[in-house]
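Structure first, then comments.
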Amino acid sequence: MQFSRKKKLLSNPQNELYGHCLQFYSQPPTENMSLSEFETFAVERLKLLKTVENLGVSYVKTSDPYHKKLYAELTNLNFPHKTEADDRKDQTGLTEFEKRRKDHISHFILRLAYCQTEDLRRWFIQQEMDLFRYRFSDLPARYKTEFLHRNNLQYDTLSVEEKRKLAVKLINSSYGVSGATVEEQDFYKVPFQDALDLVRTRKVFLQGGYAYIPHQDIISIVLNDFRTRLSKALALTARSLPAVQSDERLQPLLSHLSHAYVGQDYSIQKNIGKISLEQIDPLSAKSFPLCMRQLHKSLRDNHHLRHGGRMQYGLFLKGVGLTLDQALQFWRSEFVKGKVDADKFDKQYAYNVRHMFGKEGKRTDYTPYSCMKVILSNAPSQGDYHGCPFRHSDPELLKQKLQSYKLSPSGISQILDLVKGMHYQLACQKYFEFTHGIEDSGFSLNHPNQYFIESQKLLGGGGGGGGGSKEVKSEPEMPQKGQNMAAKTPSTPHPQTQALSKQDAAEMEDLDSLFKDE
Amino acid sequence: MPEADYDPASLPDLLPLYYRRLFPFSQYYRWLNYGGVTKGYFQNREFSFTLKDDIYVRYQSFSTQSELEKEMQKMNPYKIDVGAVYSHRPNQHNTVKSGAFQALEKELVFDIDMTDYDDVRTCCSAADICMKCWTLMTIAIRILDRALREDFGFRHLLWVYSGRRGVHCWVCDEAARKLSVAARSAVAEYLSLVKGGEDMVKKVQLSEPLHPFIRESLVVVEKYFPQYAISGQDILGNSKTVEKVLALVPDEVREDLQTFFQSEKNPMKRWKRLCALVQHQRVSSKKGCQHIDKEIMLQYCYPRLDVNVSKGVNHLLKSPFSVHPKTGRISVPIDLEELDSFDPFDVPTISLTCEELDKPRDADEEDEVEKENENEMDAAERRKIRDYKRTSLAKYVKLFDRFLDGMARSRKGEMLRKSDLQKDF
Ligand code: SF4
Ligand SMILES: [Zn+2]
């Protein structure tokens, strides 16, 4: 796939590419696009897939509420949801064609981000399949047939004679197939490997290795086709990835898209004011993620932090539960130990602190930075201590730091391996698991404040539980629409646990069963 | 041959003899080499050995038959397991970049173990078996063999006695060996009807319409059920087992049966009554009672698969012709044409076969030896064939040969078909 500078080749590409509301994504996009559109598309599709995942956990996939909610999310995030398209803009200012284009391009962007490891691929394929299943099954019959046609999906059909011969068995193999419907509808004969879902649930007639599928169940073979193609395509994309990764603008974005999703809003604190300033030192060692622990330490050592560090750490502390007054006192008392006197602090820095709390300037209530933001934006430079240590530290220094925190050599090497693979949040989560003595943290890390809350939950401290259950609000730089529909804490693609010791796990499993026969 | 003849303590002395003179290496290699069609197929196959004191060695692999032979004769494994064909030589898996070493193919396997039937066996429990409960294995083989052949289209199924209390099936068709994990688990699920653990009383639930596979399976179960369950296991004969059966029927039926059972003690008549009541309910179309009789029969007789064994490509399974260290019995192929008369207690032990080696030969055998001498086999090979032919292992090796011939014929047919196709172009 490429995002090249090629001019549009087709006279009316809209109709060629986007003539049907559903795609098989067989043609990669070739047009030019801005980085910000690229980013928006990617983030919104990720949100959509997250919703797909969450709904799949909470509802039966064929149920009404599932369909309704998924429909609402598609509409909300401006993904296509109409069977017919024209050039009219709706209230969002987008035409249906533009939405189809977004569907197309955003799918391909996420392919880039989710092709990198087996676990990511599996997660991506699963969500895309569920999304496709919903969208296909929602189509009126005519559009289904047209879809098959357009995409050259042809399957062997049974002759009238064969149908007659097998009628009883066909009727007994699928729900809702009766004598009359056997005659009416087409039956397709495919290798049983292409209809595993039906085979598994014994909802299809099997003979000689072939599954005989009534037209009403055709989704299962189309879906199987979809899966096969997507999984091949992802494997190919993974091979061509080094070229894409050499693009400095895309590389970090892609790497982070694969783990990041929009999470909770940690700016709203239930336990505001429940943390005393004396608690910060011990908490920073026990429950702060490395990035914040590092900022805290350098603030104590140097009695100063530069702007980037003040923003990252200050908003985090706000999320932890400091009040504005506490925050002012906290920063002032530290700064005055250094080169800044109280007067200068009040003039130069207090504004900045109040600003974070929305009391100055544009009065925007700033949200604590997510991992994605810490990792992606505003990389630290000379004199800065902000950023993410897993992303922005020299691996050798990171190693030394982890050693000084008494992590085991094997733990350290696991973390460094993840860092090498650019899985910074997974590395951080590993670090969390080691330092909290648990095997599987059971959440998916995407926010420093989430780290803190989860840690407090485990340690039984008072700082937890306040994570603000308010649903997502966008960070300033990430354009997001339909934010009200955002995902609750999702059960993410949990690559970290499997990815690490997959081999070991597989072996253990085998060992377990080996002596079974004794 | 009673098991008592085998003394586990003698195993270390017998194994060297067994691997030197009896183990059918050439057939074994012929099997796993699959005609040499795919490069490295034998070489990348994982074997694992269980040595003395349960020392377990994984990721063994061999480049040739003679290497395998030498290694087995050196190590004298108590037990041999066969694993997958990997992307690289398993014995070099440490030198391969992690993640690159992957299980690619393996036979589709099934493992049926008598201990999984403990809640429905009255004659024995745990590792014990007798000819009564062995019927369960017969039923399992009949049902699965039919389905794997007719429904799934497989042709090369090797059924093997595990050496103690169960049977294994190796589906060796090329298509089976190439199945993905998802496909294997789908096949295993398709074949599973008994579900739920200790906390589940009723483990079989049928719903309308009955899938053709279930109907076919019922044909088998219905054939064995009266003799096996009603007479053999006597499930309606004493109060404890009756209670178990009655727990599976709806309340109205249960009350009726309880009254009826007070005067009627004949188990077969009791069963008939149960069926008649269910039949009656079916006619008056009471929901939930449609197939109770069938569900009971299936719960008591339907094969219980270990789905996890079938699912994994990298899962290991005890090899045919491996010895069971506890019973001394050799894992031998089962002849489906004589399935109903298969007696696990008749399967030769390692001590028996080794003893048979010492018997003086009779004239017939000498004759055969003469004939073989005309072939162009080397002396060692000839001697080994002479050896196993003089033991009770012979008929099982012959069975294995027949199985291998069948596969060779298929391969040849497939090649002809392909070259015909080419001619057409
Ligand atoms: S991953 Fe997130 S929490 Fe962990 S160090 Fe980086 S920014 Fe901080
Ligand atoms: Zn028994």
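The values are calculated or read from the model by the stated rules, or taken from the named source; none is laboratory data. The structure displayed is predicted, hence computed values, not measured ones. When we count neighbours, we look across all protein chains shown, and the Cβ atoms used for this are built from the backbone with ideal geometry, even at glycine. Remember, those area values only see protein heavy atoms, side chains included, never the ligands or the DNA or RNA. Shrake-Rupley method; radii C 1.70, N 1.55, O 1.52, S 1.80 Å.
For segment B:249-265, indicate whether the set of residues that are surrounded by fewer than 20 Cβ atoms within 10 Å (Cβ to Cβ) and within 27 Å of residue B:340 (Cβ to Cβ) is non-empty. Looking through segment B:249-265, none of the residues is surrounded by fewer than 20 Cβ atoms within 10 Å (Cβ to Cβ) and within 27 Å of residue B:340 (Cβ to Cβ). Residues in segment B:180-191 that are of a type in the set (A, V, I, L, M), within 21 Å of residue B:87 (Cβ to Cβ) and more than 7 Å from every other protein chain (Cβ to nearest Cβ): B:181 alone.
Working only within segment B:147-164, note down all residues that are within 12 Å of chain A (Cβ to nearest Cβ) and either outside any loop (DSSP other than H, G, I, E, B) or open to solvent by 20 Å² or more (accessible area, probe 1.4 Å) (or both). B:147, B:148, B:149, B:150, B:151, B:153, B:155, B:160, B:161, B:164 - these are the residues of segment B:147-164 that are within 12 Å of chain A (Cβ to nearest Cβ) and either outside any loop (DSSP other than H, G, I, E, B) or open to solvent by 20 Å² or more (accessible area, probe 1.4 Å) (or both). Restricting attention to segment B:48-100, the residues being farther than 20 Å from residue B:350 by Cβ and among the aliphatic types (A, V, I, L, M) number 5. Taken over segment A:410-465, residues that are open to solvent by 40 Å² or more (accessible area, probe 1.4 Å) and farther than 25 Å from residue A:47 by Cα amount to 15. For segment A:274-333, the tally of residues that are touching a residue at least 60 places away in the same chain (Cβ under 8 Å), closer than 19 Å to residue A:460 by Cα and open to solvent by less than 30 Å² (accessible area, probe 1.4 Å) stands at 8.
Within segment B:124-144, being in a helix (DSSP H, G or I), surrounded by fewer than 18 Cβ atoms within 10 Å (Cβ to Cβ) and more than 7 Å from ligand 2 (Cβ to nearest atom) holds for one residue alone: B:131.
Could you list, in sequence order, all residues of segment B:98-113 that are outside any strand (DSSP E or B) and more than 11 Å from chain A (Cβ to nearest Cβ)? Of everything in segment B:98-113, those that are outside any strand (DSSP E or B) and more than 11 Å from chain A (Cβ to nearest Cβ) turn out to be B:106, B:107. Specify which of the listed residues (B:325, B:303) is within 14 Å of chain A (Cβ to nearest Cβ) and crowded, with 19+ Cβ neighbours inside 10 Å. So the residue among B:325, B:303 that is within 14 Å of chain A (Cβ to nearest Cβ) and crowded, with 19+ Cβ neighbours inside 10 Å is B:325.
Looking only at residues of segment B:101-123 that are within 16 Å of ligand 2 (Cβ to nearest atom) and among the acidic types (Asp, Glu), we find that the one that is farthest from the chain's Cα centre (by Cα) is B:119.
Reported count of residues in segment B:270-281, each being modelled with pLDDT of 95 or more and exposed (fewer than 14 other Cβ atoms within 10 Å of the Cβ), is 0. A count restricted to segment B:91-122 and to residues that are open to solvent by 50 Å² or more (accessible area, probe 1.4 Å) and not charged (D, E, K, R) stands at 8. For the structure I just gave you, tell me whether residue A:81 is modelled with pLDDT of 80 or more, within 16 Å of residue A:136 (Cα to Cα), open to solvent by 10 Å² or more (accessible area, probe 1.4 Å) and not in a loop (DSSP other than H, G, I, E, B). Criteria not met by residue A:81.
Cβ-Cβ distances below 8 Å connect the following pairs, each with a first residue in segment A:220-242 that is within 21 Å of residue B:186 (Cα to Cα), a second residue that is at pLDDT below 90 and of a type in the set (S, T, N, Q), and a separation of six or more residues or different chains: A:229/A:26.
Do the conditions hold for residue B:294, that is, is it open to solvent by 10 Å² or more (accessible area, probe 1.4 Å) and at pLDDT below 95? So residue B:294 fails the test.
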